[in-house]
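The values are calculated or read from the model by the stated rules, or taken from the named source; none is laboratory data. The structure displayed is predicted, hence computed values, not measured ones. Because the Cβ atoms are built from the backbone with ideal geometry, glycine has one as well, and the counts that use them run over all protein chains shown.
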Amino acid sequence: MNPPNVLFIAHGHPAFVAGGTELASHDLFRAWRAAGHEANFVGCVTRLHREARSFTALQAVKGQANEFLLQVGGFDPFMLAQTDTTQFVSSFSELLQRIAPDIVHFHHFTQIGIDALALVRRLRPAARIVATLHDYHLICANDGLMTTTAGALCERASSDACHACFGDIPAQRFALRRRHLDNLLGLVDGFISPSHFLKSRFVAWGLPESRIEVIANAVPAATSVAAVEERPRRIFGLFANLAPHKGALLALDAVKQITDLEGLELRIHGANLYREPGFTASLDTALAAAGPQVAALGPYRRHELARMMAAVDWVVVPSTWWENAPLVILEAFRHGRPVITADIGGMAEMVRHDADGLLFRARDPRDLARTLRRAATEAGLWDRLARQLPIPPTPEDSVAPHRALYASLIATRAQAA
């Protein structure tokens with residue numbers, strides 16, 4: 001059987017939003033095509049991304065074969081649903097009919113809306129639908145973080161627990177949300193989870209374990225890895241969109257507690273894109289008070305990452321939520337840098353404590369400070385960890401397990417028919 005024609009769908013295009021999900025899905029699309037297989041990629045855009053007057057509802061990406069931008073309108077983040085459907089249904093239907101995919105692979109339901117599953121099933125009834133679970137948006141109405149609105153980690157969602165978190169939303173509405181999602185997720189033929197941890201959360205939520213395949217995230221091969229200089233290992237790098245849950249404030253608090261180590265530095269790479277007022281004020285205050293130990297270096301492009309990784313010794317991932325399978329950890333390994341990260345969620349799954357990185361107690365700035373001090377002062381630690389770094393899979397490596405899953409789903413539905 002020939003490899004299927006796959007339509008990859010993400011909630012954004014890397015040309016506009018270079019988040020982990022957009023990069024991972026686009027990398028897989030390009031690797032699928034490089035392997036000689038037929039594929040198309042669609043990323044959603046809103047009026048915030050481009051001037052409406054210069055943008056049609058559905059258009060090809062200039063200079064990029066088989067890539068499309070799909071303009072979407074209003075979006076209800078609670079129900080994960082499109083609210084301005086007329087133009088969307090017309091444009092998405094045109095796309096499905098034009099490319100006639102055998103596999104429709106969703107990498108998120110934000111912006112495009114989970115109702116798109118029903119549209120695929122109606123217009124392409126023979127196609128198989130795959131969804132990669134990159135985060136917890138289906139489970140958690142708090143921006144998919146699985147944290148309470150008071151900031152605590154959440155172990156498990158339920159209508160009553162979610163109502164306690166969002167007191168103005170009745171438990172019955174959470175129950176309705178769940179039934180709506182369950183009905184539409186029943187149209188999905190197979191799910192992919194990049195981590196065992198995230199899979200366990202979705203199984204606990206109610207997705208059948210047998211329908212979730214674990215396929216690790218991948219990052220492109222490095223063109224070069226920086227030569228290792230002989231120097232104290234005291235330069236730490238944080239690479240992230242500076243959202244509250246990414247732990248920048250935690251890292252700044254930890255570094256503030258270390259004042260006696262010459263040459264210790266925290267380099268923060270990333271932008272505060274969403275500008276939440278309370279967090280923005282706290283971040284600005286913390287950076288202003290940080291002193292010469294901290295350098296806030298702003299946003300960066302993907303092609304600059306190798307140079308920036310080469311300039312640090314350790315990559316710090318201090319996220320205060322569960323995470324799933326952060327690409328930045330794989331990127332650090334790819335560029336020969338041990339990782340210091342929180343001991344929860346997908347982060348703890350990816351980093352082996354005292355083998356290829358160091359774990360600290362999540363949300364504990366004092367324990368992070370202790371860990372940073374150890375990293376900066378323990379003789380031979382960096383060299384020992386660096387020698388044991390795993391080799392992350394490349395997008396090209398990911399083609400085979402995806403091809404096997406697609407073939408299995410096609411065969412299973414054919415047998416059922």
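So if I check each of Leu184, Leu264, which one is more than 22 Å from the chain's Cα centre (by Cα), in contact (Cβ under 8 Å) with a residue 40 or more places away in the chain and under 22 Å from Leu133 (Cα atoms)? Even if it seems obvious, please write down each step before you answer.
Details: Leu264 fails: under 22 Å from Leu133 (Cα atoms).
When all the criteria are applied, what remains is Leu184.
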> Mind checking which residues of segment 243-269 are in a loop (DSSP other than H, G, I, E, B) and crowded, with 23+ Cβ neighbours inside 10 Å?
Replying inline: Gly247
>> Here's a check for you: in segment 1-34, which residue that is modelled with pLDDT of 95 or more and among the β-branched types (Val, Ile, Thr) is nearest to Ala271 (Cα to Cα)?
In response: Ile9
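Among the listed residues Phe166, Phe191, Phe202, Phe197, identify the single one that is in contact (Cβ under 8 Å) with a residue 12 or more places away in the chain, of a type in the set (A, V, I, L, M, F, W, C) and over 26 Å from Gly20 (Cα atoms).
Details: Phe191 fails: over 26 Å from Gly20 (Cα atoms); Phe202 fails: over 26 Å from Gly20 (Cα atoms); Phe197 fails: over 26 Å from Gly20 (Cα atoms).
It is Phe166.
With without any contact (Cβ under 8 Å) to a residue 40 or more places away in the chain, surrounded by 17 or more Cβ atoms within 10 Å (Cβ to Cβ) and not polar (S, T, N, Q) as the only criterion, which of Ala289, Ala296 stands out? Quick ask: steps written out before the conclusion?
On the way: Ala289 fails: surrounded by 17 or more Cβ atoms within 10 Å (Cβ to Cβ).
The conditions single out Ala296.
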>> Taking the condition of being in contact (Cβ under 8 Å) with a residue 12 or more places away in the chain and under 16 Å from Ala24 (Cα atoms), how many residues in segment 299-322 meet it?
In response: 3
> Of the conditions (1) surrounded by 19 or more Cβ atoms within 10 Å (Cβ to Cβ); (2) assigned to a loop (DSSP other than H, G, I, E, B); (3) not aromatic (Phe, Trp, Tyr), Arg275 fails just one. Which one is it?
Replying inline: (1)
> In the list Gly298, Gly291, which residue meets the criterion of being more than 13 Å from Ile268 (Cβ to Cβ) and of a type in the set (Gly, Ala, Ser)?
Replying inline: Gly291
> List pairs: first in segment 61-77 and more than 12 Å from Cys44 (Cβ to Cβ), second of a type in the set (Ser, Thr, Tyr) and assigned to a loop (DSSP other than H, G, I, E, B), Cβ under 7 Å, 6+ apart or cross-chain?
Replying inline: Gly74/Thr83; Asp76/Thr83
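Residues in segment 178-195: is at least one part of a helix (DSSP H, G or I), β-branched (Val, Ile, Thr) and touching a strand residue (DSSP E or B) at 6+ places or on another chain (Cβ under 6 Å)? It would help to see each step written out before you state the result.
Of segment 178-195, the ones part of a helix (DSSP H, G or I) are 178-185.
With β-branched (Val, Ile, Thr) added as a condition, the list becomes none.
No, there is no match, as no residue in segment 178-195 is part of a helix (DSSP H, G or I), β-branched (Val, Ile, Thr) and touching a strand residue (DSSP E or B) at 6+ places or on another chain (Cβ under 6 Å).
Within segment 358-417, track down each residue that is among the polar types (S, T, N, Q) and buried (at least 16 other Cβ atoms within 10 Å of the Cβ).
Taking segment 358-417 first, the residues among the polar types (S, T, N, Q) are 371, 377, 388, 394, 398, 408, 412, 415.
Across segment 358-417, the qualifying residues are Thr371, Thr394, Ser398.
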> Here are some conditions: (1) of a type in the set (Ser, Thr, Tyr); (2) modelled with pLDDT of 95 or more; (3) surrounded by fewer than 17 Cβ atoms within 10 Å (Cβ to Cβ). Ser195 meets all but one. Which one does it not meet?
Replying inline: (3)
> Does Ala325 count as surrounded by fewer than 17 Cβ atoms within 10 Å (Cβ to Cβ) and in contact (Cβ under 8 Å) with a residue 60 or more places away in the chain?
Replying inline: no
>> Restricting to segment 110-148, count the residues that are in contact (Cβ under 8 Å) with a residue 40 or more places away in the chain, of a type in the set (S, T, N, Q) and not in a strand (DSSP E or B).
In response: 2
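Given Gly167, Gly151, which one is part of a loop (DSSP other than H, G, I, E, B) and on the phi > 0 side of the Ramachandran plot?
Gly151
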